[in-house]
Amino acid sequence: ADARPAALEIRDLTVKFGGLTALKSVSLDVPPSSIVAVIGPNGSGKSTLFNSITGLVKPSAGVVRFAGRDLLGLRPDQVLRAGVARTFQNIRLFPNLTVMENVLIGQHTHLSAGAAGAVLGLPRVRAEEREAREFVLELLAMFGNRLVPRIDQGVAQLSYANRRRVEIARALASRPRLLMLDEPTAGMNPAESIELAEQIAAFRDFGLTVLLVEHKLDVVTRLADNVIVLNHGEKLAEGRADEVRRNEAVIEAYIGR
Ligand code: ADP
Ligand code: MG
């Protein structure tokens, strides 16, 4: 067992939407530099879990702690500054901006002089801008040749899979310590999904901690150090991918009896 404290600790998290309990006393740990996958049928609370961690939904009870710091009550921008970046189940990019511009926006929390200085053309800010663009190119290169040749294309012209990659690059641009991906391979074919899984595994090998929602069990099996199964807002099972795949309750929840 890992003696270090978990990077992300969730204790007894409960979320209610009116009369509906979307999460019921869910607890989980994401150890540092590990990949944890959350799986579960539609409506089981996976996105609600992500929204609770990132300040978009207010839980009615529970604890969310990252690197020893309480996240509950923080706004989404404060959660981002605390080192937690995410992508969305439905891609959220600026459709009229280029690949480079979309990813540069992800870095803004870390540009000291800010956009005003860039407009004024101050030499120090121009140097910072140049550094920022180089950093974006390094991030895009993590996806091989998929995005680098397309930096100046509008994201609306990209394939769906490439838009997903841009969104991940934008999240990485804030230099997070925890990366949260909500269905990153949705809309990707099997070969693209496996390629992305290998890239996400490389992020972990660089020291990043990853929490992801993923439906494709071959991707989960390849990637996840630990799997959490949600069903009707409750944690149904937890363990290594091969263990949860054999779990009777999990098989039933998925077949839907
Ligand atoms: P999943 O991501 O596992 O498919 P969600 O977390 O999106 O599930 O949804 C869990 C349950 O909570 C669903 O019944 C959904 O309709 C409900 N829900 C999610 N977000 C809201 C919201 N903002 N307001 C009301 N109900 C919501
Ligand atoms: Mg969802």
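Taken together, the values in this text are just the output of simple stated rules run on the coordinates, not laboratory data. Quick caveat: nothing in here was measured; it's all calculated off a predicted structure. Ideal geometry is used to build each Cβ from the backbone, glycine not excepted, and the neighbour counts take in all protein chains shown.
Here are some notes:
- Orientation-averaged projected area, Cα convex hull of the stretch 127-257 (nm²): 9.4 nm²
- Virtual spin-label span in nm between Leu72 and Phe17, 7 Å along Cα→Cβ: 2.0 nm
- Equivalent ellipsoid of the stretch 194-257: semi-axes from √(5λ) of the C-alpha gyration tensor, largest first, are 24, 12, 10 Å.
- Within the chain, antiparallel bridges make up roughly 55 percent of the DSSP beta bridges whose residues both belong there.
- Segment Ala156..Val57, full-extension length gain: 32.8 nm, with 0.36 nm per residue of separation and the alpha-carbon distance subtracted.
- The Cα atoms of the stretch 134-186 give a gyration tensor whose axes a ≥ b ≥ c have a/c of 1.5 or more with a/b no greater than b/c, which makes the shape oblate.
- Per-residue [θ]222 nm for the chain (sum of -39500 (n - 2.57) over DSSP H runs n ≥ 4, rounded to 500): -11000 deg cm²/dmol
- The eigenvalues of the Cα gyration tensor, multiplied by 5 and square-rooted, give the chain an equivalent ellipsoid with semi-axes of 32, 21, 16 Å from largest to smallest.
- Using alpha-carbon coordinates, inclination of helix 190-205 to the longest axis of the chain, degrees: 80 degrees
- Net charge dipole size for the stretch 124-172 [Lys, Arg +1 and Asp, Glu -1 on Cβ; Debye, nearest 20]: 160 debye
- Fewest-first ranking of Tyr160, Tyr254, using other Cβ atoms within 10 Å as the exposure measure: Tyr160, Tyr254
- Contour excess over end-to-end distance, with Cα ends at His215 and Arg81 and 0.36 nm allotted per residue: 45.4 nm
- Extension gain (nm, one decimal) between Arg133 and Glu248, 0.36 nm per residue minus Cα-Cα: 36.4 nm
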